[in-house]
Every structure is written in structure tokens, then in C-alpha cells.
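The values are calculated or read from the model by the stated rules, or taken from the named source; none is laboratory data. Source: prediction; values computed, not measured. Positions of Cβ are generated from backbone atoms using ideal geometry, with glycine treated the same way; all protein chains shown enter the neighbour counts. Note: areas computed on protein heavy atoms with side chains; ligands, DNA, RNA excluded. Shrake-Rupley method; radii C 1.70, N 1.55, O 1.52, S 1.80 Å.
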Amino acid sequence: MNDYFGATVDEMPERIDLIRILDRMWKGFRRYFPLIILLIMLCAGFMYRRARMSYRPQYLASATFTVTVDNQSLYGTGSYNNNTTASQLESTFPYLLTSGSLSKIIAADLGVQTLNGSISASVMPDTNLFTIEVRSENPQTARDILDSVIQNYPQVAEQVIGSTKLEMLDYTGVPTEPVSLPNFARSTVKGGILGLILGLLFLMGYAINRQTIQREEDIQKYIHAECLSVIPLAAEKKRSHAQTWTALIDNPHIPQGFVESIRVLRTHLEREARKHESKVLLVSSTAPGEGKSTIAANIAMSLAMNGKKVLLMDCDIRNPSLGRILGIKKGKGVYEFISGKAKLDEVLQYDKAHQIYVLPGGKPYSDASEILDCQRMRELLISARASMDYVILDTAPVGMLTDTAVLAELTDGVLFVIKQDYAKTSHIVEAVEQLSESHVPMLGCVLNCVNPKSGDYGYGYHSYYHKNGYSHYGTHYGSGEKTQKQNARSV
């Protein structure tokens, strides 16, 4: 798929940036912190329950003997023969068990089909001390098997190594406590570590797949358009007691850095407009919540302060918001005029406070594409182009609706607003692709809501906390309550 200037999306160069990936992982951690904690807790709980369910206590019954050869007189006296015989008993014990000779005798002796336990034998090095151990989940069964082994093993072993005498030195009897104690805490910790690893893998996948615009260079790299200005994140100061607050350049609470970035945008936009002989400018974005309406209002105000006659139109009639941003009371607007329910002088307002002409959106209307694509809108823009220095159209997001593409054919240039680390790069490219079909010049982009704490910018921007959001698309366009909450801090 070709982008706005002929490159293809598939040809977009990709470069692994470890610092950016780590930064996105941190952002993902802050965003999905409850989910990651829940994952760790679930894994820890699962491992704990698994250890609980799989735990089987093992009881150990044992007996220790001294081994002597019955006919020592034939071989001489001394401990050597006894030690050798004990070693032979140890070596033949597994053979007798696996061959089934001893196991069958013990099973028949106990009256069972199979032995519910394991039997082993060992010899203390360089001694004739021979130990038999039986492990079973039942302490009584462990002792019964041990007693049967003590009784039957010498007779079975005699066929292999000859006559021996076993003298018992130690006997545990019925064990009272299991020898295999559970370690549930260790299993729980292992589960927590497993959950943490899965969480890190999730964050890494999130960081790698979340390809968004972070810096000015990304706009040039992926969209091949000029970034006209970088707008810092604008938000209301926490200590402010104002009931209403807007991120407008005439707001006395807005710091100078924000105002200066709008002036830079105005200067560059005027330069591009003169280059392309553009007077009717369309302002849009990929998704709701990127701050396009506030950018459009500030551009109009800045142009007016520079002596220009400006008309600001709210053409996002599905979700009109300019009236709220500028503090204009609700009333008739673009929808009423285009639908023929009101005359132009009934809807056009002159905002003395901001020195601009404003045409509000009016009543929200769902089928905006149909109503905007009409002769009455064309005549309105022709008249406005003749009487105004600039006409600024605030439109719906391109990535979600076709309204903007319909209006683009009637304009002279596009200003595209991109919120930092917000919409996916592929979605932005697709939105720009959609606008390119109207063959309207792309005047440039605005990187909006730049957070100085992200590390990409160190221009002395400050963070200003803004409560007024742009969340109504969640209601009208189906982006949901979660999107509304996320967008509630956008400017």
C-alpha cells in the first residue's frame, strides 16, 4: 500500500531501539500494573494449589543389621569376610527386587497384589553394617513391608551368596512423622517468579508491537511529512481552583512554552499555506483524543492575533466540541445551516473574546458523511474563502470515519495532528492514505501532547494537568468507556 508520498507501508524501515522498548515496557507496566500483579498472584496460587494437591507424605521404616558369615571357620576370622558379604548383600538386593523373587514373596506374605512402597538397601563403607529402608505413604504399610523383608530376604539371598547371619542393631518400628515435608512456600515463590516472567514477556511483546509516533523524526520516517511544531502536554495545574479550564493560548494559566509552540505552528503553517496558496485548511487526526479540536482553536486564535480574519468551523458534527472549548453556548450551527433549518446569519458568531468568527457544530448528527457532501457546504466554503483570510475546519478523526475525506476535497490543505505515543503508526499511515485520495496537499503534521518526562524532548517544556477531555467519540463511534477515560486527559 502506498503512503502519502509514494512509499509503501511494507517498506517502512524498522530498527530495534532498546531504550525505546524499555520505555514502552515501563509505560505498559504502569498501564497494565493491576493485570501483571493479578497474573503473578494467579501463578503463585496455581503453584501452591498444585503442590498441595500433589503432596504425598512419605514415611520411612528402617532396620540396621550386622552381617556375619555362618561358616567363618572355613575362610578364617576377621572383619574382611563380613564386610565383603555385606557389600554382596547390597549389590544383590536390587537384582532380587527387580527380578521379582523377593517382591513376590513379600507381596504373598502381606496378602497384596502389589507393594505400596519402595525398598532399598545400603552398606556403610568399610563396615559390615547393612541397612534396609522402606518408604510408603502409609506408616503401618512401611513397617509391615520392612518386617516381611527382614524375615524373607536372608533366605532369598542365601541362594546367591550363601549362608549369612543378620543381627539387628536398630529398628524404627511404625514411623510417626513423614520424612518428606512439604515446601509450599517454595512452590508459591516459584509460581510468583513464573508469573513475573510471563508478565515481562507480555510487556516485551506489548513494547515491540506498539509502534507509535514518539519523536519528530518518526513523522519524517514513517509519514514523510514535515513536523511543523511540537506541542507540549497541556494540563491543568493541580492547585488551580478554576471551575473550567481550557488549553487556549489566551488562558493566563497556560505557561509560555505552550503559547510559544502554538506561535511556531502558526508561523510554519502560514509559510506552507502561502506555498500551496491554501486558505481553507482542514485539521484532523487518526483517532479521537489526539487534541485536534484544541489545536484548531489555538491556530485560529493565533492567526487572529496576527491580524488575520479567521473563520473557525466545527465540521465534526457527530461530536461537536469547539463550542465547549471556546465557551460558546449551545445553539444552532453547521448541521442546522447545511440541512436548511437555519440561515447563515443565525448560526455564524463572532467571538469577541478570541477575535474570530465561529460556526459551531450545532446539534449532533450521526450520518455526517451524507450531510456534509452537499452543494450548500460547497457554497459556504466558496463564500468563506472569498471573505476570510483563513478558514479552519475542525473535522472528525480520519482513521474512524469517512467524513473528513468528504470534506478534504473541498479544502486547500491538511494539517494532521498526531498525539505522542497514542495511535499505531500503521493506523496513522492508513489515515494519511485515505486523505491522499482527495489529492489535497499535506501542509504538515503537529506532534501533540509531548511529555517531557518521556526522555525524547528536553526543551524545557512543563507538564500542565488538563481535566477537559475529548471522550465523546466513545459514545458516538463505539470506542467505549475505557477510551473515554484514557482520552480524558488529552488536549
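Ranking of 308, 27, 330 by solvent-accessible surface, largest first: 330, 308, 27 (1.4 Å probe, protein heavy atoms only, all chains present). Sequentially through the stretch 284-294, phi angles give Karplus couplings (6.51, -1.76, 1.60; θ = phi - 60°) of 8, 8, 7, 9, x, x, 8, x, 5, 5, 5 Hz, Gly and Pro residues having no value and appearing as x. Principal axis analysis of the Cα atoms in the stretch 260-301 yields extents of 30, 22, 15 Å, listed in decreasing size.
Tell me, what % of the accessible area of the stretch 284-340 is carbon and sulfur with a 1.4 angstrom probe?
The nonpolar share, carbon plus sulfur, comes to 48 percent.
On full extension, the segment bounded by residue 193 and residue 275 gains 23.5 nm, given 0.36 nm per residue less the C-alpha separation. Can you figure out the FRET efficiency of residue 46 with residue 369, using R₀ = 45 Å and their beta-carbon distance, to the nearest 0.05? E between residue 46 and residue 369, to the nearest 0.05, is 0.35. The distance separating the Cα centre of the stretch 161-197 from that of the stretch 256-321 comes to 76 Å. How many angstrom lie between the Cα centre of the stretch 356-429 and the Cα centre of the stretch 114-138? Centre-to-centre (Cα) distance: 87 Å. Binning the alpha carbon pair distances of the stretch 189-319 at 10 angstrom intervals from zero yields the distribution 9, 30, 29, 16, 10, 4, 1, expressed in whole percent. Given their separation in residues at 0.36 nm each and the Cα-Cα distance between them, residue 250 and residue 103 gain 43.4 nm when the chain is fully extended.
Evaluated on the stretch 174-238, the Kirkwood hydrodynamic radius is 17.7 Å, with distances taken between all distinct Cα atoms. In the context of the full set of protein chains, residues of the stretch 117-224 present 54 Å² of accessible surface per residue (probe radius 1.4 Å, heavy atoms only).
Normalised size of the stretch 117-215, defined as Cα radius of gyration per 2.2 N^0.38 Å with N residues, equals 2.14. Accessible area of residue 174 (1.4 Å probe, protein heavy atoms only, ligands and nucleic acids ignored): about 60 Å².
Max-minus-min Cα coordinates of the stretch 268-346 on each principal axis give 38, 30, 22 Å, with the largest extent listed first. Between residue 346 and residue 267, the FRET efficiency estimated from the beta carbon spacing at R0 = 45 angstrom works out to 0.80. Computed over protein heavy atoms with a 1.4 Å probe, the accessible surface of the stretch 260-375 works out to 41 Å² per residue.
Using a 1.4 Å probe on the protein heavy atoms, what percent of the accessible area of the stretch 107-178 belongs to carbon and sulfur? Its accessible area is 44 percent carbon and sulfur atoms.
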